[in-house]
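Beneath this line is the structure, given in structure tokens, with notes to follow.
The values are calculated or read from the model by the stated rules, or taken from the named source; none is laboratory data. Owing to the predicted nature of the structure, the values given are computational and were not obtained by experimental measurement. Backbone-built Cβ (ideal geometry, glycine too); neighbour counts: all protein chains shown. The protein model used for the area step is the full one, side chains on, heavy atoms only, and it has no ligands, DNA or RNA in it. Shrake-Rupley method; radii C 1.70, N 1.55, O 1.52, S 1.80 Å.
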Amino acid sequence: MATQAFKKIYTKISNVTKATCMLSATGVGNDELALIHGRMAQVVKIIGDEVTLQVFEGTEGIPTNAEVVFLGKAPTLKVSDQLAGRFFNAYGLPIDGGAQPEGREVEIGGPSVNPVRRKQPSELIATGIAGIDLNNTLVTGQKIPFFADPDQPFNEVMAMVAMRAKSDKIILGGMGMTNDDYLFFKNTFSNAGALDRIVSFINTTEDPSVERLLIPDMALTAAEYFAVEKNEKVLVLLTDMTNYADALAIVSNRMDQIPSKDSMPGSIYSDLAKIYEKAVQFPDGGSITIIAVTTLSGGDITHAVPDNTGYITEGQLYLRKDSNVGKVIIDPFRSLSRLKQLVIGKKTRDDHPQVMNAAVRLFSDAANAQTKMENGFDLTDYDNRSLAFADDYSRQLLAIDVNVDTTEMLDIAWKLFGEHFTPAEVNIKQSLVEKYWVGENKA
């Protein structure tokens with residue numbers, strides 16, 4: 001008991017629910033960690049001397065005279081360059097067989113950056129996926145979610161973004177991952193030789209679901225170390241925020257809080273905003289960009305989690321299966337990056353804004369032609385050409401397995417314009433047509 005000599009120990013629990021224990025205690029802080037019957041717990045409510053502790057592994061089998069040891073601190077992470085290339089659990093402990101990294105101990109879940117210290121984002125983040133870089137360009141310091149159905153390959157897309165994104169560090173926060181997903185990420189990173197710039201915090205389906213609540217804060221504490229102290233461009237990938245929200249709901253329901261829409265706690269907006277608002281561009285070059293996955297239940301965009309997320313983030317990216325080409329694409333109609341105008345045509349080639357707009361407009365014409373065809377109407381020559389263009393555009397640019405840089409994306413788009421349309425139909429500024437049109441007819 002020597003190690004616990006200076007820690008507060010109690011043995012009288014007044015109330016036990018499915019997830020929480022209550023007792024009288026003094027000098028205890030909010031978010032402080034404790035051990036109850038050898039299980040990790042955290043202070044979630046203090047009213048006078050009555051303290052409520054959330055037990056991560058559940059309370060089954062805990063007697064009312066169990067030993068409660070307060071650890072005197074909130075959850076922390078040791079931050080240093082030794083984090084790079086490592087895999088940790090929700091408590092920041094290694095799960096890759098390596099030693100515990102040394103470093104400065106930092107409390108997780110601190111406040112987001114003072115707006116005065118922020119700079120307007122203006123640096124391009126290239127992912128190599130044209131559906132993002134061409135139509136929905138991302139900017140350092142941005143926060144944006146992928147909205148995807150559970151059967152879509154969102155983890156593969158996240159891994160692709162991690163491999164291709166031009167950033168100094170990638171921080172992966174996995175919540176409720178299957179072991180297959182965890183091994184997929186681990187093998188992908190190892191095989192690509194990119195482990196040295198990736199830090200991963202993983203909670204699998206075998207771990208207590210409530211531990212998921214620690215993962216985003218762990219990931220963002222590591223991100224802040226590299227962005228603030230090393231002035232690095234950090235990309236944080238969080239998957240899956242729906243699992244995070246479900247864990248929030250479990251805790252609030254077990255604490256007998258009255259649920260709001262879709263069984264979510266009334267605090268769901270501020271719980272999500274606390275995470276997303278950590279995205280920032282610092283004046284001296286460091287930045288934190290957050291890309292998260294929010295899985296949709298039956299494609300329901302009005303559910304409380306995607307609905308609240310949409311108010312907080314700067315756009316969204318939609319994955320959908322294009323049945324015409326049999327590939328998963330970034331949907332150009334429902335996806336939106338609200339910050340793209342800060343970089344397109346400025347940090348990318350001068351024709352980028354016009355090419356982007358023309359391609360989406362022609363893709364929209366193809367969608368109208370598809371509707372005509374399905375309803376048995378005759379198609380014009382232009383309709384047929386726009387349908388052929390849409391197939392090529394989906395296959396060569398929108399599909400998530402395409403990996404080209406922004407300049408090459410623009411060149412491919414010009415090639416497709418020249419194959420299927422006249423310059424008048426594409427309707428791009430004449431000076432750009434003369435500079436970039438691929439094909440004989442420039443008139």
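Using a/c under 1.5 as the rounded threshold, could you call segment 289-443 rounded, prolate or oblate? The axes a ≥ b ≥ c are square roots of the C-alpha gyration tensor eigenvalues, and prolate needs a/b larger than b/c, oblate otherwise. Here segment 289-443 falls in the oblate category.
Report the Stokes-Einstein translational diffusion coefficient (µm² s⁻¹, integer) for segment 106-156, Rh taken as the Kirkwood radius over Cα pairs, at 25 °C with viscosity 0.890 mPa s. Spell out each step's value before the answer.
On the way: Rh = 14.0 Å.
Taking Rh from Cα pairs, D becomes 176 µm²/s.
With angles folded into 0 to 90 degrees, how steeply does helix 154-164 sit against the dominant principal axis of the chain? Use alpha carbons for both and round to 10. The helix 154-164 is inclined about 80 degrees to the chain.
Per residue, the chain exposes 42 Å² of accessible surface when a 1.4 Å probe is rolled over the protein heavy atoms with every protein chain present. Available extension along the chain between SER297 and LYS45 is 87.6 nm, counting 0.36 nm per residue and deducting the alpha carbon span. Tilt of helix 179-191 relative to the longest C-alpha principal axis of the chain, in degrees (0 to 90, nearest 10)? Approximately 60 degrees, to the nearest 10.
Peptide packing for 345-351, 269-275 was compared via the average number of neighbouring C-beta atoms within 10 Å per residue; ordered from the highest value, the list is 269-275, 345-351.
The label-point distance for THR371 and ASP284, in a model that sets each label 7 Å from Cα toward Cβ, rounds to 5.4 nm.
Out of all DSSP beta bridges in segment 199-318, what portion is antiparallel? Express it as a percent rounded to 5.
Working: 2 of 9 bridges.
The answer is about 20 percent antiparallel.
Build a GNM of the chain with springs between Cα atoms under 10 Å apart, and of THR204, THR309, THR26 the one that fluctuates most is THR26.
Assuming R0 = 25 Å, can you tell me the calculated FRET efficiency for the pair VAL116 and LYS230, based on Cβ-Cβ distance, to the nearest 0.05?
Working: r = 22 Å, r/R0 = 0.86.
Plugging the Cβ-Cβ distance into 1/(1 + (r/R0)^6) gives 0.70.
Scaling the Cα radius of gyration of segment 328-380 by the globular reference 2.2 N^0.38 Å produces a ratio of 1.49. Over the chain, the fraction of Cα-Cα pairs per 20 Å bin, rounded to whole percents and listed from the shortest bin up, is 24, 49, 21, 5, 0.
Taking the accessible area of the chain, probe 1.4 Å, and keeping the other protein chains in place, the carbon and sulfur fraction comes to 49%.
For segment 255-299, what does the alpha-carbon gyration tensor say about shape, rounded, prolate or oblate, given a ≥ b ≥ c as the root eigenvalues, a/c under 1.5 as rounded, and a/b over b/c as prolate? Spell out each step's value before the answer.
Working: a/c = 5.15, a/b = 1.96, b/c = 2.63.
Note, shape of segment 255-299 comes out oblate.
Summed over qualifying helices (DSSP H, 4 residues or more, each -39500 (n - 2.57)) and divided by its residue number, the chain shows a 222 nm mean residue ellipticity of -9000 deg cm²/dmol. For segment 74-184, the square roots a ≥ b ≥ c of the C-alpha gyration tensor eigenvalues yield an a/c of 1.5 or more together with a/b not exceeding b/c, which makes the shape oblate. Enter the angle in degrees (range 0 to 90, nearest 10) between the Cα long axis of helix 241-254 and the first principal axis of the Cα atoms of the chain, meaning the one along which they spread out most. Once rounded, the angle reads 30 degrees.
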